[in-house]
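Input: a single structure, listed below in structure tokens.
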Amino acid sequence: MSAASADAPGRQPRLVKFRAMTPGDVAAVGALERAAYPFPWSEGIFRDCIRVGYLCRVAELDGQVVAYGIVAMGAGEAHILNLCVRDDLRSRGVGRQMLALLLERTREAGVGEAFLEVRPTNGLAISLYQSFGFVQVGLRRGYYQAAQGREDALVLKLALADPAGTDSSP
Ligand SMILES: CC(C)(COP(=O)(O)OP(=O)(O)OC[C@H]1O[C@@H](n2cnc3c(N)ncnc32)[C@H](O)[C@@H]1OP(=O)(O)O)[C@@H](O)C(=O)NCCC(=O)NCCS
């Protein structure tokens, strides 16, 4: 388990712990999801993600789930499917730490590339991903449900370090 602090300036340090998501977390994760997105995933989707062995992580603060991240891996690619932080704890580094942990695990698994979709209107998330080196490689038209019709998705990609032994440089 790893840890980070999620402190507002001048506040008592509070420790955020990162661990694997379990079926027992799904109700709390579902509540965060519904609070964060207008078209949330169902709790069944989170249960399926755990069941099929996706990389599913939560962050815990004071015994409560406050963030989660989900990554699907296969065929040498990782797909970041979800990343979310409780709204009152945003902009304190929890999302950055969660993304760093997810990418560390994907690198350890020998995955060469990570992909994700993000709404073009989600500037905060886009700046987080760009700061990790993600670059736009595509656009999916009408990918997301939106209040009025559909919204496009930007497709972002990050080239991860070569898995050990495959680097052909001297
Ligand atoms: C996107 C999200 C996961 C980021 O998590 P977070 O904990 O708020 O982000 P962090 O505090 O780790 O900040 C990471 C970066 O985001 C950007 N950022 C964060 N807060 C910001 C703010 N108030 N204004 C502008 N940029 C901001 C900065 O680039 C920041 O980098 P820095 O740490 O070098 O300043 C979180 O805002 C969230 O859950 N949003 C709702 C769900 C969502 O949209 N998920 C992404 C779906 S693709």
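Sort out which residues of region 62-74 are more than 8 Å from the ligand (Cβ to nearest atom) and either within 12 Å of the chain's Cα centre (by Cα) or small (Gly, Ala, Ser) (or both), and write them in order of number. Scanning region 62-74 gives GLY63, TYR68, GLY69, ILE70, VAL71, ALA72, GLY74.
For first residues located in region 60-82 and under 18 Å from TYR143 (Cβ atoms) and without any contact (Cβ under 8 Å) to a residue 40 or more places away in the chain, partners that are within 14 Å of the ligand (Cβ to nearest atom) and not in a strand (DSSP E or B) and lie 6+ apart or on another chain with Cβ distances below 7 Å form the pairs ILE80/LEU102.
Looking only at residues of region 122-147 that are polar (S, T, N, Q) and at pLDDT 95 or above, we find that the one that is farthest from ASP87 (Cα to Cα) is GLN136. May I ask you to verify whether GLN64 is of a type in the set (S, T, N, Q), surrounded by fewer than 20 Cβ atoms within 10 Å (Cβ to Cβ) and modelled with pLDDT of 95 or more? For GLN64, the condition - of a type in the set (S, T, N, Q), surrounded by fewer than 20 Cβ atoms within 10 Å (Cβ to Cβ) and modelled with pLDDT of 95 or more - is met.
Residue-wise test of (1) β-branched (Val, Ile, Thr); (2) crowded, with 16+ Cβ neighbours inside 10 Å; (3) within 22 Å of VAL58 (Cα to Cα).
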site: ALA75; (1), (2), (3): no, no, no
site: HIS79; (1), (2), (3): no, yes, yes
site: LEU83; (1), (2), (3): no, yes, yes
site: GLY93; (1), (2), (3): no, yes, yes
site: PRO120; (1), (2), (3): no, no, no
site: GLN130; (1), (2), (3): no, no, no
site: GLN136; (1), (2), (3): no, no, no
site: LEU160; (1), (2), (3): no, yes, no
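Let's see how each residue does on (1) within 23 Å of LEU32 (Cα to Cα); (2) β-branched (Val, Ile, Thr):
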{"site": "ARG92", "(1), (2)": "yes, no"}
{"site": "LEU103", "(1), (2)": "yes, no"}
{"site": "GLN130", "(1), (2)": "no, no"}
{"site": "VAL135", "(1), (2)": "no, yes"}
{"site": "LEU139", "(1), (2)": "no, no"}
{"site": "ASP152", "(1), (2)": "no, no"}
{"site": "ALA161", "(1), (2)": "no, no"}
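Among the residues of region 138-148, those that are out of contact with any strand residue (DSSP E or B) (no Cβ under 6 Å at 6 or more places or on another chain) and loosely packed, with under 11 Cβ neighbours inside 10 Å comprise ALA147, GLN148. Considering region 75-125 alone, what residues qualify as being within 7 Å of the ligand (Cβ to nearest atom), assigned to a strand (DSSP E or B) and either aliphatic (A, V, I, L, M) or over 15 Å from the mean Cα position of the chain (by Cα) (or both)? Those that are within 7 Å of the ligand (Cβ to nearest atom), assigned to a strand (DSSP E or B) and either aliphatic (A, V, I, L, M) or over 15 Å from the mean Cα position of the chain (by Cα) (or both): LEU83, VAL85, LEU116, VAL118.
The values are calculated or read from the model by the stated rules, or taken from the named source; none is laboratory data. Small disclaimer: the values here were computed from a predicted structure and weren't measured. Glycine also receives a Cβ, built like all others from the backbone with ideal geometry; neighbour counts cover every protein chain displayed.
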